[in-house]
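Novice: One structure, as structure tokens, below. Some questions next.
The values are calculated or read from the model by the stated rules, or taken from the named source; none is laboratory data. All values derive from a computational prediction rather than experimental measurement. Using ideal geometry, Cβ is built from the backbone for each residue, glycine included, and neighbour counts are taken over all protein chains shown.
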Amino acid sequence: MFELTFTRMADARRRMTVLLGGFAASQMLYVAVRLRLADHLGSGPLTIAQLAEESGAREEPLRRVVRALAAFGVFSWDGSAVANTPLSETLRSGDGDSVRDLALVYGEEHYHAMSELLQSVQRGGSAFEHAYRKPHFSYLAGNPDAARAYYELSGANVARTARSLAAEHDFSSASKVVDVGGGNGALVRAVLQANPHLSGVLIETSGVAARARARVHADGLGERCEVEAGDILANVPHGDLYLLGHVLHRYDDERAVCVLRACERAVASGGRVLVIERLIPDAATDGDAQFAALSDVVAMAVSGGRERTREDVERLLDAAGLGVHAVATLSSGDTVIEAARPR
């Protein structure tokens, strides 16, 4: 009995030690992405010397980082040659399933922000504000490189949602779609391309709106889609269908209700508000639960936002004067909660 208990304790201690070293694993992955190691290995295995030359790194420290990542299944390493694995393939650029942008965002500002998580838990406010002395979106407005990385990540996530939404949701009864806080407009562009009878409006902050306008025109949608700069916490344009794609999770409950109330004030009679989020599942597998838990704490630390269950979203809608009309799950894994003013 004593030996069994000792073995379990040793195993628990080993697992906890690996968890505690998560900060190092995160930064090693960031280094791998910054050096584009997975891209350099895309054509086949390389020696460490070759990989160092290709990536502009020093051979000995690179060897140690690659060896450590290989212990987690990221890269294959036999002591002489390095090759990609299914895990490292997800770090390659130009792939629709790549998490490269996530590694860049997590490895820079988000990483520094998380060092102030204790301050956030003890004193309130976001960890990002404690680290950078300003809110996340204010920081992005003054830091173009950080903004580009963040919005490219957001755009990639929404693009997967957009493909599913455009193919699987019925837009036949709508005429004017408003994409609220839609980043580069991936959602509204996909919907308009799939539904020629629709017109659209995208509302975003001024800097983001300028980039979105270029995307809209590049897709040949300039005559059907307006792009407006504004504050979605206060006012949104008039329309009969509102798209909130991965928007509410950026905000705490108070600000999320402000966004929903702005939509409720502007939506035409009989119109709909679509809240599209990756919800916390009711009965999660271990992987789902861990992903949701991490996403929730990162949202809290960076923007003051949160991940939510379906019941959480329904409470927000009720507070904004909206009732649930229908709920559907997309093939992308997102949930669409369709809301309207109560009759």
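Novice: Here is a list: 98, 26, 88. Which entry is of a type in the set (Gly, Ala, Ser) and in a loop (DSSP other than H, G, I, E, B)?
Specialist: Sole residue among the options that is of a type in the set (Gly, Ala, Ser) and in a loop (DSSP other than H, G, I, E, B): 98.
Novice: Kindly provide the set of residues from the range 240-265 that are within 13 Å of residue 338 (Cα to Cα) and buried (at least 19 other Cβ atoms within 10 Å of the Cβ), ordered by number.
Specialist: 241, 242, 243, 244, 245, 260, 263, 264
Novice: Continuing with this model, one more query. Scan the range 176-199 for residues that are surrounded by 15 or more Cβ atoms within 10 Å (Cβ to Cβ) and over 22 Å from residue 334 (Cα atoms) and jot them down.
Specialist: 176, 198, 199
Novice: Also, quick follow-up: For the range 326-340, how many residues are more than 10 Å from residue 274 (Cα to Cα) and surrounded by fewer than 17 Cβ atoms within 10 Å (Cβ to Cβ)?
Specialist: Selection size over the range 326-340: 4.
Novice: May I ask you to say which residue of 274, 279, 244 is among the hydrophobic types (A, V, I, L, M, F, W, C) and touching a Lys or Arg at 6+ places or on another chain (Cβ under 8 Å)?
Specialist: None of the others qualify; the one that does is 279.
Novice: Another question about this same structure. Would you point out the residue of the range 307-323, among those that are touching a Leu at 6+ places or on another chain (Cβ under 9 Å) and not hydrophobic (A, V, I, L, M, F, W, C), that is surrounded by the most Cβ atoms within 10 Å (Cβ to Cβ)?
Specialist: Filtering the range 307-323 for residues that are touching a Leu at 6+ places or on another chain (Cβ under 9 Å) and not hydrophobic (A, V, I, L, M, F, W, C), the one surrounded by the most Cβ atoms within 10 Å (Cβ to Cβ) comes out as 308.
Novice: Next up: Of all residues in the range 36-61, which are surrounded by 16 or more Cβ atoms within 10 Å (Cβ to Cβ), in contact (Cβ under 8 Å) with a residue 40 or more places away in the chain and over 18 Å from residue 79 (Cα atoms)?
Specialist: 36, 39
Novice: A further question follows. Hey, can you tell me all the residues within the range 167-186 that are of a type in the set (A, V, I, L, M) and either modelled with pLDDT of 95 or more or more than 20 Å from the chain's Cα centre (by Cα) (or both)?
Specialist: 167, 174, 177, 178, 180, listed by residue number.
Novice: Under 9 Å by Cβ, and 6 or more places apart or on different chains, what pairs join a residue from the range 230-248 that is at positive phi and touching a residue at least 60 places away in the same chain (Cβ under 8 Å) with one that is crowded, with 17+ Cβ neighbours inside 10 Å and acidic (Asp, Glu)?
Specialist: Close Cβ pairs satisfying both conditions: 246/277; 246/334.
Novice: Looking only at the range 185-211, which residues are part of a helix (DSSP H, G or I), under 15 Å from residue 162 (Cα atoms) and of a type in the set (Gly, Ala, Ser)?
Specialist: 186, 190, 194
Novice: Kindly indicate which of 214, 268 is part of a helix (DSSP H, G or I), in the same structural domain as residue 310 (by TED's automatic domain parsing) and surrounded by fewer than 22 Cβ atoms within 10 Å (Cβ to Cβ).
Specialist: The match here is 214.
Novice: Additional query: Would you be able to tell me the number of residues in the range 217-229 that are in contact (Cβ under 8 Å) with a residue 24 or more places away in the chain and either outside any loop (DSSP other than H, G, I, E, B) or among the aromatic types (Phe, Trp, Tyr) (or both)?
Specialist: 5
Novice: Tell me, please, whether a residue that is hydrophobic (A, V, I, L, M, F, W, C) and touching a His at 6+ places or on another chain (Cβ under 6 Å) can be found in the range 303-326.
Specialist: No; the residues of the range 303-326 include none that is hydrophobic (A, V, I, L, M, F, W, C) and touching a His at 6+ places or on another chain (Cβ under 6 Å).
Novice: Of 82, 65, 33, 74, which residue is part of a loop (DSSP other than H, G, I, E, B) and either buried (at least 18 other Cβ atoms within 10 Å of the Cβ) or in contact (Cβ under 8 Å) with a residue 40 or more places away in the chain (or both)?
Specialist: Result: 74 is the single residue among 82, 65, 33, 74 that is part of a loop (DSSP other than H, G, I, E, B) and either buried (at least 18 other Cβ atoms within 10 Å of the Cβ) or in contact (Cβ under 8 Å) with a residue 40 or more places away in the chain (or both).
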